[in-house]
Amino acid sequence: MHRSETECEVVIIGGGLVGASLACALQGSRHSVHVVEASPIASTKQPSYDDRTLALSWGSRCILEGMKIWRPLADKVEAINTIHISDRGHFGATRIRHYEEHVEALGYVAENRVLGEILYDRLSQDGRPVFHCPARLISIEQGPDSVNAVIEENGTQRVVSARLLVAADGVVSQVRDLLHIGSSVQDYGQSAVIANVTPVLRHNNVAYERFTDAGPIAFLPMTQNRCSVVWTVPTAQADELMQLDDASFLQRLQQRFGYRLGQLKKVGKRHAYPLKLIEATQVVRGRVVVVGNAAHSIHPVAGQGFNLALRDIAMLTELISKAEDPGDSRLLQSYVEQRQDDARRVYRFTDSLVKIFSNDIAPMGHLRAAGLAAVGLIAPLRHQLARQSMGLSGRSSELARRAGHV
Ligand SMILES: Cc1cc2nc3c(=O)[nH]c(=O)nc-3n(C[C@H](O)[C@H](O)[C@H](O)COP(=O)(O)OP(=O)(O)OC[C@H]3O[C@@H](n4cnc5c(N)ncnc54)[C@H](O)[C@@H]3O)c2cc1C
């Protein structure tokens with residue numbers, strides 16, 4: 001079969017939230033970039049730009065500002081000024097406030113679909129990067145100086161030959177499979193049921209994280225006084241919650257969450273996502289680097305997955321923008337070394353939240369209540385929790401520093 005061949009410096013497999021963000025970040029660099037995406041961009045089936053919302057940390061805002069994505073996004077997001085953490089049935093709650101951390105906001109809530117539209121708007125402005133969409137990845141050929149992505153587009157096979165291939169193809173990563181990169185999987189046996197809910201009272205830019213015996217519930221403030229609800233429950237219960245009609249679902253949610261926001265009066269479409277911690281055993285193989293959900297898919301309880309990925313791609317952008325050869329092995333090794341501690345911190349933070357707060361054994365309940373009270377009372381502990389939530393606990397990237405806040 002005839003194969004046409006194109007050359008570039010960086011080929012990104014997957015144009016979801018992470019792949020498209022990386023392509024945007026690289027727009028100002030000297031490197032030519034190609035993006036291979038399987039789903040048509042405007043399609044409602046596009047898996048990355050769905051009805052979910054993202055709690056963007058303050059650190060992510062700085063990176064998006066450095067990428068010049070923040071300005072079009074700013075009036076479409078809602079600020080989180082306070083995080084209120086509580087435990088149903090136990091005394092003890094803690095509040096983290098933006099002014100105590102000396103930032104304009106602790107974070108922001110953005111809709112995946114809205115961020116997707118802004119990213120694609122930017123990417124379609126000057127013909128850079130080149131998009132192959134819809135296109136199917138067939139194989140990967142690694143050589144000492146280049147890596148080939150063999151793809152099928154419009155019934156034709158093409159070879160996109162690059163110096164670096166970035167796998168941003170999501171949790172079921174074909175790139176990982178093709179290169180026999182393993183992954184460790186920790187199945188929490190839980191699913192996240194998500195929905196947008198409108199309460200009677202104003203949310204006043206407070207994000208609520210409430211731990212209950214039926215799993216943690218997050219209420220994140222959205223525009224138009226909506227709240228984005230992420231309710232984590234054992235998978236069997238998620239199926240049951242998905243079957244309920246809207247009124248019964250709201251009643252059940254109200255029972256668990258309480259009346260902090262008054263009556264919950266309206267609910268949008270519900271979706272359920274099974275939750276696992278999936279971690280690639282390697283994030284660099286030859287001239288291939290794995291990012292986003294393909295590298296680490298994290299429980300959404302602390303809203304850290306995309307934030308972590310954004311810090312990864314900010315560092316990758318910093319390193320490869322200056323390099324003659326973006327797939328150079330020393331450069332990729334330096335990327336791994338600079339990013340591994342942050343990833344480990346996020347795994348530990350998220351995993352311990354899931355384990356401590358999903359456990360309804362009585363002493364554990366008292367321990368977590370005491371833990372929350374301690375965090376509430378001891379300022380340095382609260383500050384530490386805030387810095388982790390704000391994505392500020394590691395070294396900041398050049399893109400983040402460009403915004404001038406860190
Ligand atoms: C319920 C829930 C709530 C969350 N909340 C938050 C939050 O508040 N804050 C936060 O930071 N994170 C959050 N996350 C995590 C966040 O959603 C992920 O980090 C993010 O979606 C990862 O994006 P990605 O681009 O890596 O992967 P994906 O979104 O899966 O995108 C992968 C892309 O690759 C394409 N693709 C796949 N295979 C191929 C192929 N072979 N060839 C070409 N293209 C391919 C797909 O079509 C898709 O466009 C949440 C996750 C869940 C499940």
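What the table below lists for this structure:
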{"item": "Some residue of segment 5-15 being within 16 Å of the chain's Cα centre (by Cα), modelled with pLDDT of 95 or more and within 13 Å of the ligand (Cβ to nearest atom)", "result": "yes"}
{"item": "One residue from Leu64, Leu73, Leu106 being modelled with pLDDT of 90 or more, within 26 Å of Arg202 (Cα to Cα), out of contact with any Pro (no Cβ under 8 Å at 6 or more places or on another chain) and within 16 Å of the ligand (Cβ to nearest atom)", "result": "Leu73"}
{"item": "Residue identified as touching a residue at least 24 places away in the same chain (Cβ under 8 Å) and more than 10 Å from the ligand (Cβ to nearest atom) among Arg256, Arg348, Arg252", "result": "Arg256"}
{"item": "Subset of segment 7-20 [crowded, with 16+ Cβ neighbours inside 10 Å and assigned to a strand (DSSP E or B)]", "result": "Val10, Val11, Ile12, Ile13"}
{"item": "Any hit, segment 323-342, residues being over 20 Å from Ala162 (Cα atoms), away from the ligand (no atom under 13 Å from the Cβ), buried (at least 20 other Cβ atoms within 10 Å of the Cβ) and assigned by TED's automatic domain parsing to the domain that holds Glu9", "result": "yes"}
{"item": "Segment 246-289, subset aromatic (Phe, Trp, Tyr) and surrounded by 14 or more Cβ atoms within 10 Å (Cβ to Cβ), residue nearest to the chain's Cα centre (by Cα)", "result": "Tyr273"}
{"item": "Selected residue [more than 29 Å from Phe349 (Cβ to Cβ) and surrounded by fewer than 22 Cβ atoms within 10 Å (Cβ to Cβ)] from Gln224, Gln186, Gln237", "result": "Gln224"}
{"item": "Out of Leu123, Leu137, sole residue that is within 12 Å of the ligand (Cβ to nearest atom) and surrounded by 19 or more Cβ atoms within 10 Å (Cβ to Cβ)", "result": "Leu137"}
{"item": "Filter result (more than 10 Å from the ligand (Cβ to nearest atom) and modelled with pLDDT of 90 or more) within segment 31-57", "result": "His31, Ser32, Val33, His34"}
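The values are calculated or read from the model by the stated rules, or taken from the named source; none is laboratory data. Note that the structure is a prediction, hence the values are computed from the model and not measured. When we count neighbours, we look across all protein chains shown, and the Cβ atoms used for this are built from the backbone with ideal geometry, even at glycine.
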